[in-house]
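The values are calculated or read from the model by the stated rules, or taken from the named source; none is laboratory data. In this text the structure is predicted, and so the values were computed from the model without any measurement. So basically every Cβ, Gly included, is an ideal-geometry build from the backbone, and we count neighbours across all protein chains shown. For accessibility, only protein heavy atoms count, side chains too; no ligands or nucleic acids. Shrake-Rupley method; radii C 1.70, N 1.55, O 1.52, S 1.80 Å.
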Amino acid sequence: MLALLPALTMALTTPARSEASADALAPTAEALREQYAAKSGVRFTSTMRVLEGGAPTRGTVSRGTYRFNASGVSASHISETEEKRDGWGDYFRMINIGKRSYTKSDMYALPRGKTWLYWPNGASFRWADDLIDPLSPRFLRLMSSDEVSTIETSESDGRAVTQLAGKVHIGCIGTKAAGISWGPDDGFCVGGWVQWKLWLGSDDLPRHFNATISYDQITDPGGQLVASETFRVNTLYTKWGDRSRIVPPPSRLVATQKEYLTAISQ
């Protein structure tokens, strides 16, 4: 569901480069905690493109809203469209409220009159603190664990912004419907590098995030490359403080897992 987002337009004066301190992202983590405590929200548009051997193969464009509670993202409503080499592909929507997930796709064979599928504990659909996303204080700490470059820019869309950049190694790269996840080396998962750029507003909240995520170069006994995919993520965050309500779809349109399994078995 990805088509590349337009480049973020910035009017730049002569930039000043410097090395940021290890706690360069601490103000952002604190600003996020304040948003969580206020139970507000944010809107976003994100593209992700998958490259194999340097050539783009597929991608997605997603748009939606996150709502927060004291622990982080507590609800989301996201629409995604897949981009393929031969044009646009599948359309997918998901609503997550706590541990309840609802998904909508033309690929489902649902009972007549039903358009949504209910997942009572669909962890792969929910936003979590292990995602490669600057809304996660845990990922911000990881980003701060290596050298971080600070580039002061004059403004973006009339607002002062600060651009940070860095590169960190992770032990494990994973994928799920909610995004690309990371974690420590577990002996089975392939790790890699995250090369990132982050633009912050004067309130220290993320406005634009760009990351290139690449697997470590691992070969099998025959010398063939095991993991060659590279992910490119580009996300814009707008309307911080958004209080849009996220509600489940009407129950009359929702199929249970049992109803879905019965329908596909017929």
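Data overview
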| quantity | calculated |
| --- | --- |
| Amide H within-cut-off set for His208, under 5 Å, with H built and near neighbours excluded | Trp199, Tyr237 |
| Subset of Lys104/Lys176; Lys39/Lys114; Lys114/Lys258; Lys99/Lys176; Lys197/Lys239 violating a 22 Å alpha-carbon distance limit | Lys39/Lys114 |
| Segment Ser105-Ala123, length gained on full extension (0.36 nm per residue, minus Cα span) | 4.7 nm |
| Size of charge dipole - the range 168-266 - debye, nearest 20, with Cβ of Lys, Arg +1 and Asp, Glu -1, no other charges | 640 debye |
| Sequence of Glu229, Glu147, Glu52 from largest to smallest accessible area, 1.4 Å probe | Glu147, Glu52, Glu229 |
| Where trypsin sites (Lys or Arg not before Pro) fall in DSSP loop in the range 233-262, at most 11 other Cβ within 10 Å | Arg243, Arg245 |
| Sequence-separation-based contact order of the range 179-249, relative, with Cα cut under 8 Å and 6+ spacing, percent | 24 percent |
| Principal semi-axes in Å for the range 58-129 [√(5λ), Cα gyration tensor, largest first] | 23, 17, 9 |
